[in-house]
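Right, one structure below, let's go through it.
The values are calculated or read from the model by the stated rules, or taken from the named source; none is laboratory data. The structure displayed is predicted, hence computed values, not measured ones. Here Cβ is always computed from backbone atoms with ideal geometry, including for glycine, and neighbour counts include all displayed protein chains.
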Amino acid sequence: MDKKYDSCSYKARRTFLGGEFEVRLFEVYDAGIAAVVFQISTEHGSPLKFSRVFSRAELDKAGIAKTLEGHVTLVDSLELIEDAYFTGNDAVGAGQNVLAAYQLSSTLPGISFPPPIVSHQAALAYFARAPVGLSTWNNSRVPEDDNLLVNLIVKGLTELCREKPPGLEAVKWLGNWFLDHNPAQPKVEAEG
């Protein structure tokens, strides 16, 4: 293991999603605590590592002090959660470990939810199933095929190719087309 992880403030072992992990906490001056979680053993590929910095403001809201009890409480609250847009199935489909779609989070009140995973694969997964409009979900919570964002974008770009407006007029034309054909029908006031 890398020597840069030797000077931690607290170490513990935890099980996440059926796998054994080592958790290390690092005090980052007055900024907060960095948590680094290493997968101890893996059946396929190299072990995964998850990390997250919990700000001092978040830790204060959660009642976590720079004490052994605070560190134990923080480690006990840690969990790996699946990303909202990039799921385990998406990770496997992209040739990655299913856990690549998970992020380190905490169940403590006052700790913010982690931001979405930002990657090429996550963007493709999002566009493949993102609904457009306010009521595009059917009873099974699956977006209707004709109301997916990717389909709306394809239709708009197809129409843009048919119209062929010159230069920057193409951007204005496409923006207006999206406003006119958005199932949510947002109200946008044009200036000037």
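Considered as a group, the residues in segment 9-39 that are part of a loop (DSSP other than H, G, I, E, B) and of a type in the set (Ser, Thr, Tyr) include one that is modelled with the lowest pLDDT, and that residue is 29.
One line per residue, one yes/no per condition, for (1) touching a helix residue (DSSP H, G or I) at 6+ places or on another chain (Cβ under 9 Å); (2) at pLDDT below 90:
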{"site": "114", "(1), (2)": "no, yes"}
{"site": "125", "(1), (2)": "yes, yes"}
{"site": "131", "(1), (2)": "yes, yes"}
{"site": "134", "(1), (2)": "no, yes"}
{"site": "142", "(1), (2)": "yes, yes"}
{"site": "145", "(1), (2)": "yes, yes"}
{"site": "155", "(1), (2)": "yes, no"}
{"site": "166", "(1), (2)": "no, no"}
{"site": "175", "(1), (2)": "no, no"}
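Scanning segment 116-126 for residues that are within 20 Å of residue 16 (Cα to Cα) and surrounded by 18 or more Cβ atoms within 10 Å (Cβ to Cβ) gives a single hit, 117. Pairs, please: C-beta under 7 Å, at least 6 apart or cross-chain, first residue over 15 Å from residue 74 (Cβ atoms) and in the same structural domain as residue 59 (by TED's automatic domain parsing) and in segment 1-27, second polar (S, T, N, Q) and at pLDDT below 75? Pairs found: 20/41.
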